[in-house]
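Just below is one structure, and these are the notes that go with it.
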Amino acid sequence: RVEDLKKWWKENGASIIVGITLGVIAIFGWRYWNSYRDAKGEQASQAYDAFIVAVEKPDADQARQLNQALLADFPKSPYASLAAMRLAKLASDSGDGATAIQQLEWVIENAKLDELKDIARLRLARLLFGAGRASDAEQQLSRVTTTTLTAEREELRGDLALAANDPAKARTAYTAALAASGGSSLLQLKLDGLS
């Protein structure tokens, strides 16, 4: 039996040692990757916190600089998308529609989460509608697929139809929005206003 064991070890020993070595390397590699990812996430979180502080001061120049740093250093992070959407709101509030549109388009192109992309599409559609670009706004709305945004999407679709002087399409959209929202009084007013 000892001879059989020696023979078996001679045939399989190298494979076992290689397998154990690879397993140990994989475990340490996985742990290193997780700690690296967590550290990058923490850095992105701190950069986003600094951005929020600058926005709330309000220090527009510092906020823009921090936003650019966040976009450059952590472009795949959800924090970068959130910062870009926040900067788009600031730009829109200050009347700079071009910058707002640019920031929202960046989110649509770079965000990893589909929900963030759809929120950016919805906000972009509102900006485009306000800028008189109804067909572009409708195009953005058609790409919003997140079910929790159905009410907002359909309400804006109704507003677009009403602006295009199509009350039947507006009624359909407002009705769908009202059903999705669970009974918004503003939507009910819009729907009643069509009568």
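Summary table below
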quantity	calculated
Charge dipole (the stretch 50-97, unit charges on Cβ, about Cα centre) - positive-most of Ala63, Ala80, Ser94	Ala80
Option label - Cα extents along the principal axes in Å computed here, alternatives (1) 50, 43, 32; (2) 96, 42, 27; (3) 46, 44, 35	(2)
Listed residues Ile25, Gln140, Leu191: farthest to the positive end of the dipole of the chain (Cβ charges)	Ile25
Highest-MSF residue in the chain out of Lys76, Lys57, Lys117 [GNM, Cα springs under 10 Å]	Lys57
Dipole moment magnitude, nearest 20 debye, the stretch 66-120 about Cα centre, only Lys, Arg, Asp, Glu C-beta charged	140
Carbon + sulfur, % of accessible area of the chain - ligands and nucleic acids excluded, 1.4 Å	56
Charge tally in the Cβ shell below 12 Å around Ala44, where Lys, Arg are +1 and Asp, Glu are -1, Ala44 excluded	-1
Lysine-lysine proximity count for the chain, Cα under 22 Å, sequence distance 8 or more or distinct chains	9
Cα-based shape type of the stretch 155-195, given that a ≥ b ≥ c are square roots of the gyration tensor eigenvalues and the cut on a/c is 1.5	prolate
Per residue value of the accessible surface for the chain (all protein chains in place, 1.4 Å probe), Å²	62
Sum of -39500 (n - 2.57) over DSSP H runs of 4+, divided by residues of the chain (222 nm, nearest 500)	-28500 deg cm²/dmol
Cα-based shape type of the stretch 7-99, given that a ≥ b ≥ c are square roots of the gyration tensor eigenvalues and the cut on a/c is 1.5	prolate
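The values are calculated or read from the model by the stated rules, or taken from the named source; none is laboratory data. All of these numbers come straight from a predicted model, not from anything done at the bench. Cβ coordinates were reconstructed from backbone atoms using ideal geometry, including for glycine residues, and neighbour counts include every protein chain displayed. Protein only, heavy atoms only, side chains kept; ligands, DNA and RNA dropped before computing areas. Shrake-Rupley method; radii C 1.70, N 1.55, O 1.52, S 1.80 Å.
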